[in-house]
């Protein structure tokens, strides 16, 4: 089993053709929404162009391709989005992801476009998850501003990994939503963290989206319907309380 970083691919595309592969799980991305808005050319190169090149290789060599997209491809007007709902971008990050999704579906018959909910849990060698950052601040006695009007269906990263490995052996192709079973705001999650770990809830400062000036717009409700993934996979998607206790026990 080989894991390749995006840096490897910059000058080694031809070497990729010499590696024996059964599946590509493409997780690399420029994931900061505001950074994508500020550096649109770079975001286009990483999130769209590099993805297209990988897909072309996978399709030519008949390698199964699993792409990690985002729940933020939806505009957030209604929430509880299913795989049949049309995505609509409200920021440049979402534009790059939607374009990559479309290219994959149109050019590779053995591909899955995974739209995960906001993931939480323990990070290994990457930037800490938002729940880790919240816990760090709470344990340090620092105030945290948390949105009360942005809703997601967060997924424990362990569940996400388990579901992705299942998809390696699964024959399903197309769009698939992987998320937790609860629609919550970051305010809800912050209160839950305080309750579970006996931390000071007064450190949580509730704010609404319009009160904070961000470079890029965020959708208000990009919660996901996971009925299809539940019918296809054995992975049990845990609720937020169980997931936080599993992640940080």
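Any read-out appearing in this document is the output of simple, stated calculations on the displayed coordinates, not a laboratory observation. All values derive from a computational prediction rather than experimental measurement. For neighbour counting, all protein chains shown are included, and Cβ atoms are generated from backbone atoms with ideal geometry for every residue, glycine included.
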Query - Packing rank of 229-239, 65-75, where each peptide gets the mean count of other beta carbons within 10 Å, highest leading - result: 65-75, 229-239
Report task. Calculate how steeply helix 92-107 sits against the longest principal axis of the alpha-carbon atoms of the chain, using the helix alpha-carbon long axis, and give the answer as 0 to 90 degrees to the nearest 10. Result -> 30 degrees
Report summary line: Residues of segment 44-64 with backbone N under 19 Å of the label point set 7 Å from the Cα of residue 18 along Cα→Cβ are 57-58, 61
Query raised in the report: To the nearest 500 deg cm²/dmol, what mean residue ellipticity at 222 nm is calculated for the chain from DSSP H runs of n ≥ 4 alone, each contributing -39,500 (n - 2.57), summed and divided by the residues?
Result: -10500 deg cm²/dmol
Query raised in the report: If contacts are Cα pairs under 8 angstrom and at least 6 residues apart, what is the relative contact order of segment 6-248 in percent?
Result: 24 percent
Report task. Determine, from the Cβ-Cβ distance of residue 230 and residue 27 and an R0 of 22 Å, the FRET efficiency 1/(1 + (r/R0)^6), rounded to the nearest 0.05. Result -> 0.45
Query raised in the report: Relative to the longest principal axis of the chain, what angle (0 to 90°, nearest 10) does the C-alpha long axis of helix 130-139 take?
Result: 30 degrees
Query - Antiparallel DSSP beta bridges within the chain, as percent of all bridges there, nearest 5 - result: 10 percent
**Report entry** Rg over Rh, two decimals, the chain (C-alpha only, Kirkwood Rh)
**Finding:** 0.97
Report summary line: Helix 50-60 sits off the longest principal axis of the Cα atoms of the chain, rounded to the nearest 10 on a 0 to 90 degree scale, by 40 degrees
Requested in this report: Could you sort 129-136, 33-40 so that the peptide with the highest average Cβ count within 10 Å comes first and the rest follow in order?
Outcome: 129-136, 33-40
Query - Inter-probe distance in nm under a simple model that places probes 7 Å from Cα toward Cβ, at residue 241 and residue 39 - result: 4.2 nm
Report task. Work out the FRET efficiency for residue 140 and residue 56 from their Cβ-Cβ distance, taking R0 = 35 Å, and round it to the nearest 0.05. Result -> 0.15
Report summary line: From fewest to most C-beta neighbours within 10 Å, the residues 55, 207 line up as 207, 55
